[in-house]
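Since the structure comes first, as C-alpha coordinates, the remarks are kept for the end.
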Amino acid sequence: MRKALCILGLLAGFGCLKTAAEHYLLTVQRSAGFQLATLSGQTRTQLGQTGFVAALSGFRALMADLLWIRAGSAFDRTEWPRMQMLLHAATQLQPRAVVFWEMAHFHMAYDASHSMRLNVRQQPAAALRRVAELEYVQIGEDFLKAGLVFNPESATLWQRLGELYSRRRDDPARASAAYAEAARKPGALGFLRRMAAYELAKVPGKDREAYEQLRSLYLEGEPQRLPNLVRLLRQLEEKLAVPEAERVYTTPSAPSGTPASR
Amino acid sequence: MNQAQNPLSLSLRRIWALAHNTFLELVRLKVFYFLLLFAFLIIGSSLFTVQFSFQNPLQVLKDVGLGAMSIFSWLLGLLCTANLLPKDMEDRTLYTILAKPVSRFEYLQGKLYGVFLLLGLSVLLMSLLFAGVLAIREQQEIAELARNLSAENLPAAVAEIRAATFQMNLLPGVVLILLKAMLCSTLTLLLSTLATSSVFTVLTSVVVYLIGHVQGIAREAWLAGGQASPLLKVLIAGMALAFPDLQLFNVVDEIAVGTALPALLFWQVAGFGGMYILVYFLLAQLVFSTREL
(Lines give C-alpha, C1' and ligand atoms only; values in the text may rest on other atoms or scores of the structure.)
Protein backbone atom coordinates (compact mmCIF):
# COMPACT_ATOMS: atom_id res chain seq x y z
CA MET A 1 0.00 0.00 0.00
CA ARG A 2 2.80 2.38 0.96
CA LYS A 3 4.60 1.49 -2.21
CA ALA A 4 1.52 2.22 -4.33
CA LEU A 5 1.02 5.55 -2.60
CA CYS A 6 4.67 6.39 -3.07
CA ILE A 7 4.44 5.62 -6.79
CA LEU A 8 1.24 7.63 -7.15
CA GLY A 9 2.89 10.54 -5.35
CA LEU A 10 5.92 10.39 -7.61
CA LEU A 11 3.70 10.15 -10.69
CA ALA A 12 1.69 13.17 -9.54
CA GLY A 13 4.89 15.12 -8.85
CA PHE A 14 6.27 14.26 -12.26
CA GLY A 15 2.84 14.98 -13.72
CA CYS A 16 2.87 18.54 -12.39
CA LEU A 17 6.26 19.15 -13.98
CA LYS A 18 5.44 17.49 -17.28
CA THR A 19 2.03 19.14 -17.73
CA ALA A 20 3.56 22.57 -18.22
CA ALA A 21 6.18 21.13 -20.58
CA GLU A 22 3.54 19.25 -22.59
CA HIS A 23 1.41 22.37 -22.90
CA TYR A 24 4.46 24.34 -24.08
CA LEU A 25 5.40 21.65 -26.62
CA LEU A 26 1.86 21.53 -27.98
CA THR A 27 1.89 25.31 -28.44
CA VAL A 28 5.24 25.14 -30.25
CA GLN A 29 4.02 22.27 -32.44
CA ARG A 30 0.85 24.14 -33.35
CA SER A 31 2.79 27.25 -34.29
CA ALA A 32 4.95 25.06 -36.56
CA GLY A 33 1.85 23.64 -38.28
CA PHE A 34 1.47 20.37 -36.35
CA GLN A 35 -1.46 19.06 -34.28
CA LEU A 36 -4.01 21.34 -35.96
CA ALA A 37 -6.64 18.69 -36.67
CA THR A 38 -10.01 18.89 -34.98
CA LEU A 39 -12.26 15.92 -34.35
CA SER A 40 -15.77 17.32 -34.42
CA GLY A 41 -19.08 15.51 -34.05
CA GLN A 42 -19.56 15.50 -37.81
CA THR A 43 -16.17 13.88 -38.31
CA ARG A 44 -17.12 11.27 -35.74
CA THR A 45 -20.33 10.51 -37.64
CA GLN A 46 -18.40 10.05 -40.87
CA LEU A 47 -15.75 7.85 -39.27
CA GLY A 48 -17.97 5.66 -37.14
CA GLN A 49 -17.06 4.52 -33.64
CA THR A 50 -14.04 2.41 -34.57
CA GLY A 51 -12.68 4.90 -37.03
CA PHE A 52 -13.01 7.67 -34.49
CA VAL A 53 -11.06 5.68 -31.91
CA ALA A 54 -8.44 4.93 -34.57
CA ALA A 55 -8.19 8.62 -35.44
CA LEU A 56 -7.71 9.41 -31.77
CA SER A 57 -5.08 6.69 -31.45
CA GLY A 58 -2.58 8.14 -33.85
CA PHE A 59 -4.03 6.98 -37.16
CA ARG A 60 -5.58 10.27 -38.14
CA ALA A 61 -3.93 10.46 -41.56
CA LEU A 62 -5.03 6.94 -42.42
CA MET A 63 -8.60 7.73 -41.47
CA ALA A 64 -8.45 10.89 -43.56
CA ASP A 65 -7.30 8.82 -46.55
CA LEU A 66 -10.11 6.37 -45.98
CA LEU A 67 -12.66 9.19 -46.04
CA TRP A 68 -10.96 10.58 -49.13
CA ILE A 69 -11.34 7.27 -50.93
CA ARG A 70 -15.00 7.13 -49.87
CA ALA A 71 -15.43 10.65 -51.24
CA GLY A 72 -14.12 9.26 -54.51
CA SER A 73 -16.94 6.70 -54.56
CA ALA A 74 -19.45 9.47 -53.81
CA PHE A 75 -17.99 11.41 -56.75
CA ASP A 76 -18.46 8.41 -59.05
CA ARG A 77 -22.13 8.25 -58.04
CA THR A 78 -22.46 12.07 -58.15
CA GLU A 79 -23.70 12.12 -54.54
CA TRP A 80 -22.64 15.70 -53.95
CA PRO A 81 -23.99 16.31 -50.41
CA ARG A 82 -22.39 13.07 -49.18
CA MET A 83 -19.19 13.92 -50.94
CA GLN A 84 -19.17 17.34 -49.33
CA MET A 85 -19.51 15.81 -45.84
CA LEU A 86 -16.76 13.27 -46.52
CA LEU A 87 -14.42 15.91 -47.90
CA HIS A 88 -15.14 18.12 -44.91
CA ALA A 89 -14.27 15.33 -42.48
CA ALA A 90 -11.13 14.40 -44.45
CA THR A 91 -9.89 17.98 -44.49
CA GLN A 92 -10.58 18.36 -40.77
CA LEU A 93 -8.50 15.27 -40.03
CA GLN A 94 -5.61 16.27 -42.27
CA PRO A 95 -5.75 20.08 -42.47
CA ARG A 96 -2.15 20.45 -43.64
CA ALA A 97 -2.74 18.43 -46.82
CA VAL A 98 -3.07 21.19 -49.40
CA VAL A 99 -4.20 18.73 -52.06
CA PHE A 100 -7.25 17.80 -49.93
CA TRP A 101 -8.42 21.42 -49.76
CA GLU A 102 -7.57 22.03 -53.40
CA MET A 103 -9.46 19.04 -54.72
CA ALA A 104 -12.35 19.50 -52.27
CA HIS A 105 -12.87 23.06 -53.52
CA PHE A 106 -12.57 21.95 -57.13
CA HIS A 107 -15.18 19.21 -56.83
CA MET A 108 -17.60 21.53 -55.11
CA ALA A 109 -17.09 24.81 -56.99
CA TYR A 110 -16.73 23.26 -60.43
CA ASP A 111 -18.01 19.67 -60.65
CA ALA A 112 -20.94 19.83 -58.23
CA SER A 113 -21.97 23.36 -59.19
CA HIS A 114 -21.84 22.50 -62.88
CA SER A 115 -23.86 19.41 -62.23
CA MET A 116 -26.49 21.58 -60.49
CA ARG A 117 -26.67 23.89 -63.47
CA LEU A 118 -27.34 21.02 -65.85
CA ASN A 119 -29.64 19.09 -63.57
CA VAL A 120 -32.85 19.84 -65.50
CA ARG A 121 -34.45 16.51 -64.68
CA GLN A 122 -34.49 17.09 -60.93
CA GLN A 123 -34.94 20.86 -61.02
CA PRO A 124 -36.77 22.28 -64.05
CA ALA A 125 -36.67 25.88 -62.75
CA ALA A 126 -33.54 27.60 -64.10
CA ALA A 127 -33.49 30.13 -61.24
CA LEU A 128 -33.44 27.39 -58.61
CA ARG A 129 -30.77 25.52 -60.50
CA ARG A 130 -28.71 28.70 -60.49
CA VAL A 131 -29.22 29.06 -56.73
CA ALA A 132 -28.03 25.49 -56.20
CA GLU A 133 -25.07 26.12 -58.49
CA LEU A 134 -24.02 29.21 -56.54
CA GLU A 135 -24.40 27.36 -53.25
CA TYR A 136 -21.80 24.84 -54.37
CA VAL A 137 -19.52 27.63 -55.59
CA GLN A 138 -19.80 29.09 -52.09
CA ILE A 139 -18.98 25.70 -50.55
CA GLY A 140 -15.89 25.50 -52.76
CA GLU A 141 -14.85 28.99 -51.72
CA ASP A 142 -15.37 28.08 -48.05
CA PHE A 143 -13.11 25.04 -48.49
CA LEU A 144 -10.36 27.24 -49.92
CA LYS A 145 -10.68 29.86 -47.20
CA ALA A 146 -10.63 27.20 -44.46
CA GLY A 147 -7.62 25.61 -46.14
CA LEU A 148 -5.83 28.95 -46.14
CA VAL A 149 -6.35 29.27 -42.38
CA PHE A 150 -4.28 26.10 -41.94
CA ASN A 151 -1.93 26.70 -44.88
CA PRO A 152 -1.55 30.46 -45.22
CA GLU A 153 1.71 30.11 -47.14
CA SER A 154 0.27 27.87 -49.85
CA ALA A 155 0.63 29.54 -53.25
CA THR A 156 -1.57 26.81 -54.75
CA LEU A 157 -4.58 27.60 -52.55
CA TRP A 158 -4.27 31.36 -53.19
CA GLN A 159 -4.01 30.65 -56.91
CA ARG A 160 -7.12 28.48 -56.81
CA LEU A 161 -8.95 31.23 -54.93
CA GLY A 162 -7.97 33.68 -57.66
CA GLU A 163 -9.23 31.26 -60.32
CA LEU A 164 -12.49 30.77 -58.47
CA TYR A 165 -13.13 34.52 -58.20
CA SER A 166 -12.22 34.94 -61.83
CA ARG A 167 -14.08 32.00 -63.37
CA ARG A 168 -16.97 31.28 -61.01
CA ARG A 169 -17.64 34.62 -59.35
CA ASP A 170 -16.73 37.03 -62.11
CA ASP A 171 -15.06 39.20 -59.48
CA PRO A 172 -11.79 40.47 -61.00
CA ALA A 173 -10.92 42.71 -58.03
CA ARG A 174 -10.81 39.83 -55.55
CA ALA A 175 -9.28 37.55 -58.19
CA SER A 176 -6.45 40.03 -58.71
CA ALA A 177 -5.83 40.34 -54.97
CA ALA A 178 -5.76 36.53 -54.58
CA TYR A 179 -3.37 36.08 -57.52
CA ALA A 180 -1.12 38.82 -56.17
CA GLU A 181 -1.09 37.12 -52.77
CA ALA A 182 -0.31 33.77 -54.43
CA ALA A 183 2.60 35.37 -56.30
CA ARG A 184 4.17 36.48 -53.00
CA LYS A 185 4.16 32.95 -51.53
CA PRO A 186 7.12 30.58 -51.65
CA GLY A 187 7.14 28.31 -54.69
CA ALA A 188 4.69 30.51 -56.60
CA LEU A 189 4.49 29.97 -60.34
CA GLY A 190 5.77 32.71 -62.62
CA PHE A 191 2.50 33.54 -64.37
CA LEU A 192 0.69 34.58 -61.17
CA ARG A 193 1.89 38.19 -61.26
CA ARG A 194 0.66 38.46 -64.85
CA MET A 195 -2.69 36.99 -63.84
CA ALA A 196 -3.01 39.55 -61.03
CA ALA A 197 -2.40 42.35 -63.52
CA TYR A 198 -4.79 40.90 -66.15
CA GLU A 199 -7.57 40.67 -63.57
CA LEU A 200 -6.85 44.15 -62.26
CA ALA A 201 -7.21 45.48 -65.79
CA LYS A 202 -10.82 44.24 -65.78
CA VAL A 203 -11.70 46.21 -62.62
CA PRO A 204 -13.45 49.52 -63.41
CA GLY A 205 -11.41 52.48 -62.22
CA LYS A 206 -8.20 50.48 -61.73
CA ASP A 207 -6.79 51.14 -65.21
CA ARG A 208 -3.85 53.22 -64.02
CA GLU A 209 -2.83 50.65 -61.39
CA ALA A 210 -3.18 47.78 -63.87
CA TYR A 211 -1.15 49.71 -66.44
CA GLU A 212 1.67 50.29 -63.95
CA GLN A 213 1.78 46.60 -63.11
CA LEU A 214 1.72 45.51 -66.74
CA ARG A 215 4.36 48.06 -67.63
CA SER A 216 6.72 46.92 -64.90
CA LEU A 217 6.23 43.29 -65.97
CA TYR A 218 6.91 44.25 -69.59
CA LEU A 219 10.11 46.03 -68.60
CA GLU A 220 11.37 42.90 -66.84
CA GLY A 221 12.21 41.48 -70.23
CA GLU A 222 11.32 39.00 -72.93
CA PRO A 223 9.87 36.17 -70.78
CA GLN A 224 7.07 38.46 -69.58
CA ARG A 225 6.23 39.93 -73.00
CA LEU A 226 3.51 37.49 -73.89
CA PRO A 227 0.85 38.39 -76.49
CA ASN A 228 -1.89 38.88 -73.87
CA LEU A 229 0.26 41.22 -71.81
CA VAL A 230 1.33 43.28 -74.81
CA ARG A 231 -2.24 43.51 -76.10
CA LEU A 232 -3.56 44.68 -72.73
CA LEU A 233 -0.70 47.11 -72.33
CA ARG A 234 -1.43 48.62 -75.73
CA GLN A 235 -5.16 48.91 -74.97
CA LEU A 236 -4.48 50.59 -71.64
CA GLU A 237 -1.98 53.00 -73.15
CA GLU A 238 -4.62 54.01 -75.65
CA LYS A 239 -7.31 54.24 -73.00
CA LEU A 240 -5.18 56.25 -70.58
CA ALA A 241 -3.80 58.39 -73.40
CA VAL A 242 -0.24 57.76 -72.33
CA PRO A 243 2.08 60.19 -74.18
CA GLU A 244 3.88 58.60 -77.12
CA ALA A 245 7.27 59.10 -75.51
CA GLU A 246 6.25 57.16 -72.42
CA ARG A 247 4.63 54.24 -74.21
CA VAL A 248 6.75 51.15 -73.76
CA TYR A 249 5.79 49.34 -76.94
CA THR A 250 6.49 52.37 -79.12
CA THR A 251 9.72 53.38 -77.41
CA PRO A 252 12.42 53.47 -80.07
CA SER A 253 14.93 51.84 -77.71
CA ALA A 254 12.62 48.89 -77.10
CA PRO A 255 14.43 45.58 -77.39
CA SER A 256 14.18 43.71 -80.64
CA GLY A 257 11.40 41.16 -80.89
CA THR A 258 8.85 43.43 -79.19
CA PRO A 259 5.67 44.29 -81.06
CA ALA A 260 6.83 47.91 -81.45
CA SER A 261 10.07 47.04 -83.16
CA ARG A 262 8.36 44.41 -85.24
CA MET B 1 28.71 -4.90 0.60
CA ASN B 2 29.00 -6.71 -2.71
CA GLN B 3 28.86 -4.28 -5.61
CA ALA B 4 26.09 -6.22 -7.32
CA GLN B 5 23.96 -6.27 -4.17
CA ASN B 6 23.79 -2.50 -4.28
CA PRO B 7 20.37 -1.88 -5.89
CA LEU B 8 21.80 0.81 -8.15
CA SER B 9 25.14 -0.80 -9.03
CA LEU B 10 25.98 -0.50 -12.67
CA SER B 11 28.18 -2.51 -14.98
CA LEU B 12 27.89 -1.78 -18.67
CA ARG B 13 29.33 -5.20 -19.48
CA ARG B 14 26.64 -7.01 -17.48
CA ILE B 15 23.91 -4.78 -18.89
CA TRP B 16 25.11 -5.39 -22.43
CA ALA B 17 25.23 -9.16 -21.80
CA LEU B 18 21.64 -9.07 -20.57
CA ALA B 19 20.48 -6.82 -23.42
CA HIS B 20 22.17 -9.00 -26.01
CA ASN B 21 20.68 -12.11 -24.50
CA THR B 22 17.21 -10.59 -24.35
CA PHE B 23 17.51 -9.48 -27.97
CA LEU B 24 18.53 -12.99 -29.07
CA GLU B 25 15.70 -14.54 -27.07
CA LEU B 26 13.18 -12.25 -28.73
CA VAL B 27 14.60 -12.92 -32.17
CA ARG B 28 14.33 -16.67 -31.50
CA LEU B 29 10.65 -16.13 -30.75
CA LYS B 30 10.33 -15.39 -34.48
CA VAL B 31 8.91 -11.95 -33.82
CA PHE B 32 10.21 -10.82 -37.19
CA TYR B 33 7.38 -12.71 -38.85
CA PHE B 34 5.40 -9.56 -38.25
CA LEU B 35 7.55 -7.99 -40.96
CA LEU B 36 5.91 -10.29 -43.47
CA LEU B 37 2.57 -8.88 -42.42
CA PHE B 38 3.97 -5.38 -42.75
CA ALA B 39 5.29 -6.21 -46.22
CA PHE B 40 1.91 -7.59 -47.32
CA LEU B 41 0.21 -4.47 -46.01
CA ILE B 42 2.60 -2.07 -47.72
CA ILE B 43 2.74 -3.88 -51.06
CA GLY B 44 -1.00 -4.53 -50.92
CA SER B 45 -1.79 -0.91 -50.21
CA SER B 46 0.59 0.12 -52.98
CA LEU B 47 -1.47 -1.91 -55.46
CA PHE B 48 -4.71 -0.85 -53.82
CA THR B 49 -3.96 2.85 -54.08
CA VAL B 50 -3.34 2.51 -57.82
CA GLN B 51 -6.80 1.02 -58.24
CA PHE B 52 -8.91 2.98 -55.81
CA SER B 53 -7.16 6.05 -54.53
CA PHE B 54 -8.81 9.26 -55.43
CA GLN B 55 -6.18 11.53 -57.00
CA ASN B 56 -3.68 11.02 -54.21
CA PRO B 57 -1.99 7.59 -54.49
CA LEU B 58 1.46 8.43 -53.11
CA GLN B 59 -0.01 10.29 -50.17
CA VAL B 60 -2.17 7.31 -49.23
CA LEU B 61 0.80 4.97 -49.56
CA LYS B 62 2.90 7.14 -47.25
CA ASP B 63 0.12 7.39 -44.69
CA VAL B 64 -0.44 3.63 -44.73
CA GLY B 65 3.29 2.94 -44.43
CA LEU B 66 3.93 5.33 -41.58
CA GLY B 67 0.71 4.37 -39.78
CA ALA B 68 1.60 0.67 -40.07
CA MET B 69 5.13 1.37 -38.86
CA SER B 70 3.72 3.18 -35.84
CA ILE B 71 1.26 0.43 -34.87
CA PHE B 72 3.62 -2.47 -35.54
CA SER B 73 6.48 -0.97 -33.54
CA TRP B 74 4.12 -0.22 -30.63
CA LEU B 75 2.59 -3.72 -30.71
CA LEU B 76 5.97 -5.38 -30.97
CA GLY B 77 7.33 -3.41 -28.03
CA LEU B 78 4.21 -4.06 -26.00
CA LEU B 79 4.06 -7.81 -26.57
CA CYS B 80 7.78 -8.36 -26.06
CA THR B 81 8.01 -6.26 -22.89
CA ALA B 82 4.85 -7.61 -21.28
CA ASN B 83 6.28 -11.13 -21.40
CA LEU B 84 9.79 -10.35 -20.19
CA LEU B 85 9.34 -10.62 -16.42
CA PRO B 86 6.57 -13.26 -16.27
CA LYS B 87 8.52 -15.52 -18.63
CA ASP B 88 11.75 -15.17 -16.69
CA MET B 89 9.90 -15.92 -13.45
CA GLU B 90 8.09 -18.86 -14.93
CA ASP B 91 11.20 -20.59 -16.26
CA ARG B 92 13.24 -19.53 -13.19
CA THR B 93 15.83 -17.63 -15.28
CA LEU B 94 15.24 -14.52 -13.20
CA TYR B 95 16.35 -16.25 -9.99
CA THR B 96 19.42 -17.69 -11.64
CA ILE B 97 20.43 -14.26 -12.95
CA LEU B 98 19.78 -12.43 -9.69
CA ALA B 99 21.69 -15.07 -7.75
CA LYS B 100 24.76 -14.00 -9.69
CA PRO B 101 26.41 -10.63 -9.04
CA VAL B 102 23.76 -8.79 -11.06
CA SER B 103 21.62 -6.12 -9.45
CA ARG B 104 17.93 -5.75 -10.19
CA PHE B 105 18.72 -2.32 -11.66
CA GLU B 106 21.09 -3.89 -14.16
CA TYR B 107 18.68 -6.71 -14.87
CA LEU B 108 15.81 -4.33 -15.69
CA GLN B 109 18.04 -2.12 -17.79
CA GLY B 110 19.43 -5.07 -19.71
CA LYS B 111 15.95 -6.37 -20.43
CA LEU B 112 14.68 -2.98 -21.58
CA TYR B 113 17.71 -2.32 -23.79
CA GLY B 114 17.19 -5.71 -25.39
CA VAL B 115 13.68 -4.64 -26.37
CA PHE B 116 15.00 -1.28 -27.57
CA LEU B 117 17.53 -3.07 -29.78
CA LEU B 118 14.77 -5.18 -31.26
CA LEU B 119 12.59 -2.13 -31.83
CA GLY B 120 15.45 -0.24 -33.46
CA LEU B 121 16.20 -3.09 -35.85
CA SER B 122 12.51 -3.61 -36.65
CA VAL B 123 11.91 0.06 -37.41
CA LEU B 124 15.04 0.10 -39.57
CA LEU B 125 13.85 -2.94 -41.55
CA MET B 126 10.35 -1.49 -41.90
CA SER B 127 11.79 1.84 -43.07
CA LEU B 128 13.89 0.10 -45.71
CA LEU B 129 10.94 -1.91 -46.95
CA PHE B 130 8.76 1.18 -46.97
CA ALA B 131 11.39 3.20 -48.86
CA GLY B 132 11.75 0.38 -51.39
CA VAL B 133 8.01 0.22 -52.13
CA LEU B 134 7.82 4.00 -52.27
CA ALA B 135 10.72 4.11 -54.75
CA ILE B 136 9.02 1.52 -56.98
CA ARG B 137 5.74 3.46 -56.91
CA GLU B 138 7.63 6.66 -57.68
CA GLN B 139 9.17 5.05 -60.75
CA GLN B 140 5.76 3.78 -61.87
CA GLU B 141 4.27 7.25 -61.49
CA ILE B 142 7.13 8.81 -63.44
CA ALA B 143 6.78 6.20 -66.21
CA GLU B 144 3.05 6.97 -66.35
CA LEU B 145 3.82 10.69 -66.63
CA ALA B 146 6.39 10.07 -69.36
CA ARG B 147 3.71 8.31 -71.40
CA ASN B 148 1.16 11.08 -70.98
CA LEU B 149 3.13 14.34 -70.86
CA SER B 150 5.09 16.23 -73.45
CA ALA B 151 8.88 16.46 -73.08
CA GLU B 152 8.54 20.17 -72.24
CA ASN B 153 6.31 19.62 -69.19
CA LEU B 154 7.86 16.37 -68.02
CA PRO B 155 10.80 17.67 -65.91
CA ALA B 156 8.58 19.87 -63.73
CA ALA B 157 6.05 17.07 -63.22
CA VAL B 158 8.80 14.57 -62.37
CA ALA B 159 10.33 17.01 -59.89
CA GLU B 160 6.92 17.41 -58.28
CA ILE B 161 6.49 13.64 -57.95
CA ARG B 162 9.99 13.27 -56.48
CA ALA B 163 9.38 16.05 -53.96
CA ALA B 164 6.08 14.45 -52.93
CA THR B 165 7.63 11.01 -52.46
CA PHE B 166 10.90 11.24 -50.55
CA GLN B 167 11.37 13.97 -48.01
CA MET B 168 14.30 14.08 -45.65
CA ASN B 169 11.81 15.20 -43.04
CA LEU B 170 10.44 11.67 -42.93
CA LEU B 171 13.58 10.54 -41.09
CA PRO B 172 12.99 12.52 -37.86
CA GLY B 173 9.35 11.45 -38.09
CA VAL B 174 10.40 7.79 -38.15
CA VAL B 175 12.80 8.42 -35.23
CA LEU B 176 9.87 9.80 -33.23
CA ILE B 177 7.81 6.70 -34.10
CA LEU B 178 10.64 4.61 -32.66
CA LEU B 179 10.85 6.83 -29.60
CA LYS B 180 7.11 6.49 -28.99
CA ALA B 181 7.39 2.71 -29.22
CA MET B 182 10.30 2.79 -26.74
CA LEU B 183 8.31 4.98 -24.38
CA CYS B 184 5.32 2.64 -24.57
CA SER B 185 7.64 -0.31 -23.90
CA THR B 186 9.04 1.39 -20.79
CA LEU B 187 5.50 2.07 -19.58
CA THR B 188 4.66 -1.58 -20.19
CA LEU B 189 7.73 -2.57 -18.17
CA LEU B 190 6.52 -0.36 -15.32
CA LEU B 191 3.10 -2.02 -15.44
CA SER B 192 4.70 -5.41 -15.67
CA THR B 193 6.66 -4.82 -12.44
CA LEU B 194 3.34 -4.08 -10.72
CA ALA B 195 1.27 -6.86 -12.31
CA THR B 196 1.27 -10.57 -11.70
CA SER B 197 0.01 -11.65 -15.12
CA SER B 198 1.08 -10.64 -18.61
CA VAL B 199 -2.55 -10.51 -19.79
CA PHE B 200 -3.23 -7.76 -17.27
CA THR B 201 -0.08 -5.92 -18.41
CA VAL B 202 -1.05 -6.12 -22.08
CA LEU B 203 -4.63 -4.96 -21.49
CA THR B 204 -3.58 -2.11 -19.21
CA SER B 205 -0.91 -1.02 -21.68
CA VAL B 206 -3.45 -0.87 -24.50
CA VAL B 207 -5.71 1.29 -22.34
CA VAL B 208 -2.78 3.54 -21.39
CA TYR B 209 -1.92 3.84 -25.10
CA LEU B 210 -5.46 4.94 -25.95
CA ILE B 211 -5.64 7.34 -23.00
CA GLY B 212 -2.20 8.71 -23.89
CA HIS B 213 -3.56 9.82 -27.25
CA VAL B 214 -6.48 11.77 -25.77
CA GLN B 215 -4.52 13.02 -22.76
CA GLY B 216 -3.78 16.25 -24.60
CA ILE B 217 -7.49 17.01 -24.94
CA ALA B 218 -8.00 16.37 -21.22
CA ARG B 219 -4.98 18.47 -20.27
CA GLU B 220 -6.03 21.44 -22.39
CA ALA B 221 -9.56 21.22 -20.93
CA TRP B 222 -8.12 21.10 -17.43
CA LEU B 223 -5.78 24.02 -18.00
CA ALA B 224 -8.56 26.06 -19.62
CA GLY B 225 -10.77 25.69 -16.54
CA GLY B 226 -14.36 25.68 -17.72
CA GLN B 227 -17.57 24.69 -16.01
CA ALA B 228 -17.20 20.94 -15.58
CA SER B 229 -18.40 19.23 -12.39
CA PRO B 230 -15.79 18.90 -9.59
CA LEU B 231 -15.64 15.12 -10.04
CA LEU B 232 -15.02 15.47 -13.76
CA LYS B 233 -12.36 18.09 -13.09
CA VAL B 234 -10.57 15.70 -10.71
CA LEU B 235 -10.77 12.92 -13.30
CA ILE B 236 -9.42 15.14 -16.06
CA ALA B 237 -6.62 16.43 -13.83
CA GLY B 238 -5.70 12.88 -12.84
CA MET B 239 -5.59 11.85 -16.48
CA ALA B 240 -3.43 14.84 -17.41
CA LEU B 241 -1.00 14.22 -14.55
CA ALA B 242 -0.66 10.46 -14.69
CA PHE B 243 -0.51 9.68 -18.40
CA PRO B 244 1.99 10.74 -21.05
CA ASP B 245 0.82 12.79 -24.02
CA LEU B 246 1.54 10.37 -26.86
CA GLN B 247 -0.03 12.69 -29.41
CA LEU B 248 3.07 14.90 -29.18
CA PHE B 249 5.03 12.16 -30.95
CA ASN B 250 2.58 11.93 -33.86
CA VAL B 251 4.17 14.38 -36.24
CA VAL B 252 4.51 12.08 -39.25
CA ASP B 253 0.95 12.81 -40.38
CA GLU B 254 1.92 16.41 -41.08
CA ILE B 255 5.43 15.56 -42.28
CA ALA B 256 3.94 13.20 -44.87
CA VAL B 257 2.05 16.11 -46.44
CA GLY B 258 5.14 18.30 -46.59
CA THR B 259 5.21 20.19 -43.29
CA ALA B 260 8.82 20.80 -42.27
CA LEU B 261 9.79 19.69 -38.77
CA PRO B 262 12.13 22.32 -37.26
CA ALA B 263 15.28 20.78 -35.78
CA LEU B 264 14.71 22.47 -32.43
CA LEU B 265 11.21 21.07 -32.19
CA PHE B 266 12.47 17.59 -33.05
CA TRP B 267 15.08 17.73 -30.29
CA GLN B 268 12.55 19.12 -27.82
CA VAL B 269 10.14 16.26 -28.50
CA ALA B 270 12.96 13.70 -28.52
CA GLY B 271 14.33 15.09 -25.25
CA PHE B 272 10.89 15.00 -23.72
CA GLY B 273 10.48 11.40 -24.84
CA GLY B 274 13.84 10.56 -23.29
CA MET B 275 12.76 12.16 -20.04
CA TYR B 276 9.52 10.12 -20.01
CA ILE B 277 11.51 6.94 -20.59
CA LEU B 278 13.94 7.77 -17.79
CA VAL B 279 11.21 8.60 -15.26
CA TYR B 280 9.06 5.57 -16.07
CA PHE B 281 12.12 3.33 -15.95
CA LEU B 282 13.16 4.70 -12.55
CA LEU B 283 9.61 4.11 -11.28
CA ALA B 284 9.75 0.56 -12.64
CA GLN B 285 13.07 0.08 -10.85
CA LEU B 286 11.59 1.46 -7.63
CA VAL B 287 8.77 -1.10 -7.76
CA PHE B 288 10.98 -3.97 -8.87
CA SER B 289 13.68 -3.33 -6.27
CA THR B 290 11.25 -4.03 -3.42
CA ARG B 291 9.16 -6.68 -5.12
CA GLU B 292 8.91 -10.12 -3.48
CA LEU B 293 10.17 -12.62 -6.00
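The values are calculated or read from the model by the stated rules, or taken from the named source; none is laboratory data. Just so we're clear, the structure is a prediction, and the values are computed from it rather than from any experiment. Positions of Cβ are generated from backbone atoms using ideal geometry, with glycine treated the same way; all protein chains shown enter the neighbour counts.
Overview of values
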| item | result |
| --- | --- |
| Output for the stretch A:145-179, where each listed residue is surrounded by fewer than 23 Cβ atoms within 10 Å (Cβ to Cβ), among the aromatic types (F, W, Y) and over 19 Å from A:P95 (Cβ atoms) | A:Y165 |
| Candidate set from the stretch B:128-180 (those that are in a loop (DSSP other than H, G, I, E, B) and under 32 Å from the mean Cα position of the chain (by Cα)); member that is nearest to B:L78 (Cα to Cα) | B:N169 |
| Test result for A:G205, among the small types (G, A, S), at positive phi and at pLDDT 90 or above | yes |
| Helices (runs of 4 or more DSSP H) (entirely within the stretch A:126-202) containing at least 3 residues that are touching a helix residue (DSSP H, G or I) at 6+ places or on another chain (Cβ under 9 Å) and closer than 30 Å to A:Q235 by Cα | A:155-167, A:172-184, A:192-202 |
| Options A:Q123, A:Q159; residue that is modelled with pLDDT under 95 and either farther than 27 Å from B:V252 by Cα or within 16 Å of the chain's Cα centre (by Cα) (or both) | A:Q123 |
| Unique residue being more than 8 Å from chain B (Cβ to nearest Cβ) and touching a Phe, Trp or Tyr at 6+ places or on another chain (Cβ under 9 Å) when the list is A:L17, A:L39 | A:L39 |
| Residue satisfying all of: in the stretch A:189-220; more than 15 Å from A:S176 (Cβ to Cβ) and touching a residue at least 12 places away in the same chain (Cβ under 8 Å); surrounded by the most Cβ atoms within 10 Å (Cβ to Cβ) among these | A:Y218 |
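Yes/no per residue for (1) more than 10 Å from chain A (Cβ to nearest Cβ); (2) touching a residue at least 24 places away in the same chain (Cβ under 8 Å); (3) part of a helix (DSSP H, G or I):
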{"residue": "B:Y209", "(1), (2), (3)": "no, yes, yes"}
{"residue": "B:R219", "(1), (2), (3)": "no, yes, yes"}
{"residue": "B:G226", "(1), (2), (3)": "yes, no, no"}
{"residue": "B:L231", "(1), (2), (3)": "yes, no, yes"}
{"residue": "B:G238", "(1), (2), (3)": "no, no, yes"}
{"residue": "B:D253", "(1), (2), (3)": "no, yes, yes"}
{"residue": "B:A270", "(1), (2), (3)": "yes, yes, yes"}
{"residue": "B:M275", "(1), (2), (3)": "no, no, yes"}
{"residue": "B:V279", "(1), (2), (3)": "no, no, yes"}
